[in-house]
Amino acid sequence: MTDHILIERRGAVQIIRMNRPEKKNALTRAMYAKMSAALSEGDADPTVRVHVFLGVPGAFSAGNDLADFLVIATGGEGGNEVWDFLMALAKAEKPMVSGVDGIAVGIGTTLNLHCDLTFATPRTLFRTPFVDLGLVPEAGSSLLAPQILGRQGAFALLGLGEGFSAERAKAAGLIYDVVAEDALEGALLAAAAEIAAKPPQALKIARDLMREPREELVARIKVESEHFRERLKSDEARAALTAFMTRKKG
């Protein structure tokens, strides 16, 4: 449903809020599509200076809705909405900041690798259990995570699927700061407003200089996506996803 993603403007700041609390913000195709449109439209709108990602109390995002994965794993098709969102992240022309509270699984973690500033609360846990589900890293994380965390830190996150607390994530450079739950949104929006007040062209050049070439990131996302789609249809992933869904229902 469209109200699972709420779009709000505060001056030059566009807020993209994931709002599916009953499912801990597990992302559906419709949610991906609305976020992609918000990023693209915001980039095209000269009055938007900054994109902000927020979740709900206790849940930034539990990752992709596994029911969608299971449809593909059992022979169905789909997934273009996810691809469009990953491209929108990789190609975003304006700064992106995020505020993470609680659950941050899969894309709920890897989305933040694209952000220029991320604030998290002490109860936040970042996890990417891709391999445990018979899958592979996505969203360019196999490129970005080693650059940020080093190869072994990236392997711990993406390969072992270890959880990173907010403090560990800050020490590793995955996030910018840890703030109290009741201060998260205020701190994030204050930072966004400060960014929005900067000279936009100078900031764009500075941001582009600090980021990896987009062509390399887009190419890596494409390779990851090819592997991901193949893995979704593998016996290994189908068994892991079915077992996980069965445990959830039990």
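The values are calculated or read from the model by the stated rules, or taken from the named source; none is laboratory data. Keep in mind that this is a model prediction, so the values were computed, not measured. All Cβ positions, glycine included, derive from the backbone under ideal geometry; neighbour counts span all protein chains shown. Note: areas computed on protein heavy atoms with side chains; ligands, DNA, RNA excluded. Shrake-Rupley method; radii C 1.70, N 1.55, O 1.52, S 1.80 Å.
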All but one of (1) at pLDDT 95 or above; (2) open to solvent by less than 90 Å² (accessible area, probe 1.4 Å) hold for THR242; which doesn't? (1)
Given the condition crowded, with 19+ Cβ neighbours inside 10 Å, of a type outside the set (Gly, Ala, Ser), in contact (Cβ under 8 Å) with a residue 40 or more places away in the chain and out of contact with any strand residue (DSSP E or B) (no Cβ under 7 Å at 6 or more places or on another chain), answer yes or no: does some residue in region 168-176 qualify? no
How many residues does region 18-60 hold that are open to solvent by less than 30 Å² (accessible area, probe 1.4 Å), among the β-branched types (Val, Ile, Thr) and modelled with pLDDT of 95 or more? 4
Please determine, by comparing only the residues of region 155-166 that are touching a residue at least 12 places away in the same chain (Cβ under 8 Å) and assigned to a helix (DSSP H, G or I), which one is farthest from the chain's Cα centre (by Cα). GLY159
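Table: residues versus (1) in a loop (DSSP other than H, G, I, E, B); (2) closer than 26 Å to MET31 by Cα; (3) touching a Phe, Trp or Tyr at 6+ places or on another chain (Cβ under 6 Å).
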position	(1), (2), (3)
ALA104	no, yes, yes
THR109	no, yes, yes
ASN112	no, yes, no
PRO122	yes, no, no
PHE126	no, yes, yes
PRO146	no, no, no
Given (1) farther than 24 Å from VAL218 by Cα; (2) among the small types (Gly, Ala, Ser); (3) touching an Asp or Glu at 6+ places or on another chain (Cβ under 8 Å), identify the lone condition not met by SER142. (1)
Residues (crowded, with 16+ Cβ neighbours inside 10 Å and within 16 Å of PHE60 (Cβ to Cβ)) located in region 144-167: LEU157, GLY163, PHE164, ALA166
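Could you tell me whether ALA169 is more than 18 Å from the chain's Cα centre (by Cα) and either not in a helix (DSSP H, G or I) or not charged (D, E, K, R) (or both)?
no
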List the pairs whose first member sits in region 223-236 and is closer than 11 Å to PRO137 by Cβ and free of Cβ contacts under 8 Å to residues at least 24 places away in the same chain, whose second member is of a type in the set (S, T, N, Q) and in a helix (DSSP H, G or I), and whose Cβ atoms are under 9 Å apart, counting only residues at least 6 apart or on separate chains? VAL223/SER142
What pairs come up if the first residue lies in region 201-215 and is at pLDDT below 95, the second is among the small types (Gly, Ala, Ser), and their beta carbons are under 9 Å apart, counting only those six or more places apart or on different chains? GLU212/GLY140; ARG214/ALA90
